Amino acid sequence: MILAAVPGFSGNQTSLNPVGPAAGHIESEFALIFWITLAIYCIVLLTFVVYVVRRRHSLNLMPEPLQTTPESDRRAQRWVGGAMVVTTLLLFTMMIGSFVSGHALGSMNRETAYTIDVYGHQWWWEVHYPNDEPDKVVVTANEIHVPVGVPLRIHGTSRDVIHSFWAPNVQGKRDLLPGYGTDVMMQVDQPGRWRGQCAEYCGEQHAHMSFYMVAEAGPQFKQWLDQQAQSSVAPSNPQTTRGQQVFLSHACVMCHTIRGTPAGSRVGPDLTHLASRSTIAAGVLPNTIGNLGGWILNAQSIKPGCRMPPNHMTGTELQDLLAYLETLK
Amino acid sequence: MKQLTLIALLLGALTIASCKREQRVFDPGSSGTQVPNGVALNEVHAGGPVSVSDESPYGQSAYAVGEGKRLFSAFNCAGCHNHGGGGIGPALMDAKWIYGSHPDQIYSSIVQGRPNGMPSFAGKIPDYQVWELVAYVRSLSGQLPSDVAPGRSDEIQVKKAEQAKKKEHPPDENPQKIEKGQP
């Protein structure tokens, strides 16, 4: 909290700009330890410099043997004893601060919190918004829309190897383990796009496994959720109809879902509302028609090792497919 | 000192020997990544011979076989063949092969489909992924060296790992060479 008063710490992927209570607790504990250790560091260096300067005339001579008197011994004992007491007190201050932050983070659990399921994949994030009515379940990828000021429970697990879910502005890291579900509580108090990143090395493209937490006011979030629960837009002109056929007759259909069409595989990201997302390839590229075309033709040149195979298709087929994908708002 | 040099040399030789095992080809190139019409049934082609893709690198790379194992579940091969034991479709871990046990024969079965249920995946699975599947399918009956075959599964272990599978001997294992004489 003290450090937050220091100007210059902004940004959408830094724990020094907390936008929720969880990150706030972490940041204030960081500030406490930072200021204490900074002060000690300065005092030690200053003392060192003062004594070097004070004895600079004797530098070139033979060192004098240390001469002690009972008086100087007592003084040294008092100084060392005092420093020991201060050190112990400061260490306890940091430890108690750590306990307090840990307790605050641990007691964020609310039964009424809004639950979002997050699944880590090599190398993207699958996001589910569970609902008691199966046709209202929303599935998306790499963009986690959340309502502002509402306690959230992120229920995370992994579909393959160990990943770690980390949006530094919102909460600390949480490892996602295959075959084991874990809950992490958070809350976002400030609307905006907060970037997150996998924080546990998970293979070749670990560095390109990012996501955005998009925090919106309640009504806007509700509107987004209702829109995402809809089936995909049906093709409305000959070109997009052909594009849909390209999608269904090529390798795309083996891995991706577009709700409202026969494509229903859960290997890759759900593309039902692909055009409503701002990035592709887990935050690697902006979602533009050119980037999407390059990604479809040869994703391996953009993200080597990723699970998307190169796709060979004619120019017309690609144009039709892109036209169709662009309509999937 | 001599012994040390010998050990270093041996270790060096080991790393060279294991090169192919760890070779990872992420970008197989744009040509031949897709199967336009599946496999030709005749050796004679209008307009000259077609390029024949080579399966050998896939059967020697642990990465490719591992990818094949992942795709075997992802593309729901396990839905009919289970994890090699068979069910709706025939078992893949025994010595019986209805349509042949050779890599190119398995490739054809995947791409063309087979009567009574096996769908044709022509145009749906990129060429190199079909070869990865072929390599994995062969590992199920122990046809691959144990340093290449997968050593563990992500699902519940119900059988020995492919690596530990005793090699089955299909009847067509050593086919007689057909002598191509002059007409």
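The values are calculated or read from the model by the stated rules, or taken from the named source; none is laboratory data. On a predicted model such as this, the values are computed, not experimentally measured, just so you know. Heads up, the Cβs are rebuilt from the backbone with ideal geometry, glycines too, and the neighbour counts pull from every protein chain shown.
Annotations for the structure displayed:
- Yes/no for A:ALA217 being within 17 Å of the chain's Cα centre (by Cα) and either outside the structural domain of A:VAL284 (by TED's automatic domain parsing) or in contact (Cβ under 8 Å) with a residue 12 or more places away in the chain (or both): no
- Some residue of the stretch B:11-18 being part of a loop (DSSP other than H, G, I, E, B), modelled with pLDDT under 80 and within 14 Å of chain A (Cβ to nearest Cβ): no
- Flag if A:ALA217 is aliphatic (A, V, I, L, M) and within 29 Å of A:GLN13 (Cβ to Cβ): yes
- Residue match in the stretch A:245-254 (condition: hydroxyl-bearing (Ser, Thr, Tyr) and either in the same structural domain as A:HIS128 (by TED's automatic domain parsing) or touching a residue at least 24 places away in the same chain (Cβ under 8 Å) (or both)): no
- Qualifying residue in the stretch A:219-237 (condition: among the small types (Gly, Ala, Ser) and within 28 Å of B:GLN129 (Cβ to Cβ)): yes
- Residue list for the stretch A:284-329, filter: at pLDDT below 90 and either in contact with a Lys or Arg (Cβ under 7 Å, 6 or more places away or on another chain) or among the β-branched types (Val, Ile, Thr) (or both): A:THR314
- Residue within the stretch A:299-314 that is hydroxyl-bearing (Ser, Thr, Tyr) and part of a loop (DSSP other than H, G, I, E, B) present: yes
- Meets criteria (away from chain B (no Cβ under 14 Å) and of a type in the set (Asp, Glu)) for A:GLU200: yes
- Pair list, Cβ < 6 Å and 6+ apart or interchain, from the stretch B:75-89 residues that are in contact (Cβ under 8 Å) with a residue 24 or more places away in the chain to residues that are in a loop (DSSP other than H, G, I, E, B): B:CYS80/B:ILE88; B:CYS80/B:GLY89; B:GLY84/B:LEU92; B:GLY84/B:MET93; B:GLY85/B:ALA91
- Restricting attention to the stretch A:276-321, the residues being away from every other protein chain (no Cβ under 14 Å), buried (at least 18 other Cβ atoms within 10 Å of the Cβ) and farther than 20 Å from A:GLY196 by Cα number 2.
- Unmet criterion (only one of (1) more than 28 Å from A:ARG174 (Cα to Cα); (2) surrounded by 12 or more Cβ atoms within 10 Å (Cβ to Cβ); (3) modelled with pLDDT under 90) for A:PRO7: (2)
- The one condition in (1) facing chain B (nearest Cβ under 10 Å); (2) modelled with pLDDT under 90 that A:SER265 fails to fulfil: (2)
- Residue match in the stretch A:61-76 (condition: outside the structural domain of A:ARG307 (by TED's automatic domain parsing), hydrophobic (A, V, I, L, M, F, W, C) and in contact (Cβ under 8 Å) with a residue 12 or more places away in the chain): no
- Selected residue (criterion: surrounded by the fewest Cβ atoms within 10 Å (Cβ to Cβ)) from residues of the stretch B:112-147 that are hydroxyl-bearing (Ser, Thr, Tyr) and away from every other protein chain (no Cβ under 14 Å): B:SER146
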